[in-house]
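These notes concern the structure reproduced below.
The values are calculated or read from the model by the stated rules, or taken from the named source; none is laboratory data. None of these values were measured; they are calculated from a predicted model. Backbone-built Cβ (ideal geometry, glycine too); neighbour counts: all protein chains shown. Surface accessibility is based on the protein's heavy atoms, side chains included, excluding ligands, DNA and RNA. Shrake-Rupley method; radii C 1.70, N 1.55, O 1.52, S 1.80 Å.
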Amino acid sequence: MSQVEAAPTTEAAGPTAAAPPAGPRRQTTAGFLALFASELRLTFRRTRTLVLLGFLAALPVLIGVVVKMETGGMHGGDGGPAFLAQVTQNGVFLTFTALAVSLPIFLPMTVGVVAGDAVAGEAATGTLRYLLVAPAGRNRLLAAKFTAVLTFCAAATAAVSLAALATGAALFPVGRVTLLSGDTIGLGQALLRALLIAVVVALSLSGLAAIGLFVSTLTGSGIAAMATTVGLVVIVQVLDSFPQLAAIQPWLFTHQWLSFADLLRQPMYWDGVLRDLGLQALYVAVFGSAAWARFTTRDITA
């Protein structure tokens, strides 16, 4: 074959052999994943985050030791969660007890600290404007920060659950579990319910995560944003305790937090859990949109 005949073949094969350029959607996904990975490293490498997770893991150990030392007082079942008296009979129930004790105050406080510092902390140190110099976009950056906060919600819930499960197995008998309805299920089914409840608890914190992120976009002080978010949790908990405010209480993001106890019955009652998750989704939509509106119009260069 002559060179004249071969030339068109080579020329035609050139564009076909070249790799096609990545599409906008693939580039957007890759950019988001890179930002998300960076946010995870930033969040979980902080000493403050590790201390918070360590505190949450220590809480079930303390509860287990107290229950072990005061066994007689726990059998009465007066006060506290309905399943507190079950701890001495089966160590798996320490998981549910620890979640019930930590959910009203301790878990929200840690989530409030991380969420409140998500944007305001970087604005205070001056690193936020440098992030926006890169072609990342404010939308992707805000989405990565919110997803990182949700990941911390899952990590915080896992710290409580795993520490409680290990402590319960070490201090109390573990076997077939008697539910609040009086039915008995095997250990495997009980562990699956514990996993389900942990997922529900983590999702129950998503509304607070959105609120904290919104507050974080309003100020350039990380401490102010964290204090405001944690203070808001306390205020809402107080409002949820007054019978005179029964009309607004179903709309408070904390109102259905302990509804996961209905999953410890046979059959499981989903009404309260679904109301809780629906309310959290509403808070995420409202405050997530508010955070987006604020963050995309905020002057970061100042």
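So, counting K/R as plus one and D/E as minus one, what does the shell of residues with Cβ under 15 Å around P250 add up to?
-2
Which of rounded, prolate, oblate describes segment 184-267, given a ≥ b ≥ c as roots of the alpha-carbon gyration tensor eigenvalues and a/c under 1.5 marking rounded, otherwise prolate only if a/b is larger than b/c?
Oblate shape, in that a/c is at least 1.5 and b/c is the bigger or equal ratio.
Want the number for T47 to A154: 0.36 nm per residue separation, take away the alpha-carbon distance, what's left?
Values: separation 107, 0.36 × 107 = 38.52 nm, distance 1.83 nm.
Between T47 and A154, full extension yields an extra 36.7 nm.
Got a sec? What order do M109, M226 fall in by accessible area at 1.4 Å, biggest, i.e. largest, first? Don't skip to the answer; put the middle values down first.
Working: M109 80, M226 30 Å².
Descending order: M109, M226.
Using a simple spin-label model with points 7 Å from Cα along the Cα→Cβ vector, what separation in nm is obtained for L245 and A34?
Inter-label distance under the simple model: 4.6 nm.
Based on alpha-carbon centroids, what's the gap between segment 226-302 and segment 161-180 in Å, whole number please?
If you average the Cα positions of each part, the centres end up 29 Å apart.
Hey, can you rank 280-293, 40-53 by average C-beta count inside 10 Å, highest first?
Highest-to-lowest ranking by the protection proxy: 280-293, 40-53.
Calculate what fraction, in whole %, of the accessible area of segment 199-302 sits on carbon and sulfur atoms when a 1.4 Å probe is rolled over the protein chains. Mind showing how you got there, number by number?
Values: 3490 of 4920 Å².
Reported share for carbon and sulfur atoms: 71 percent.
Of the listed peptides 256-269, 170-183, 238-251, what is their order by residue-averaged count of other C-beta atoms within 10 Å, with the highest listed first?
Ranking the peptides 256-269, 170-183, 238-251 by packing returns 256-269, 170-183, 238-251.
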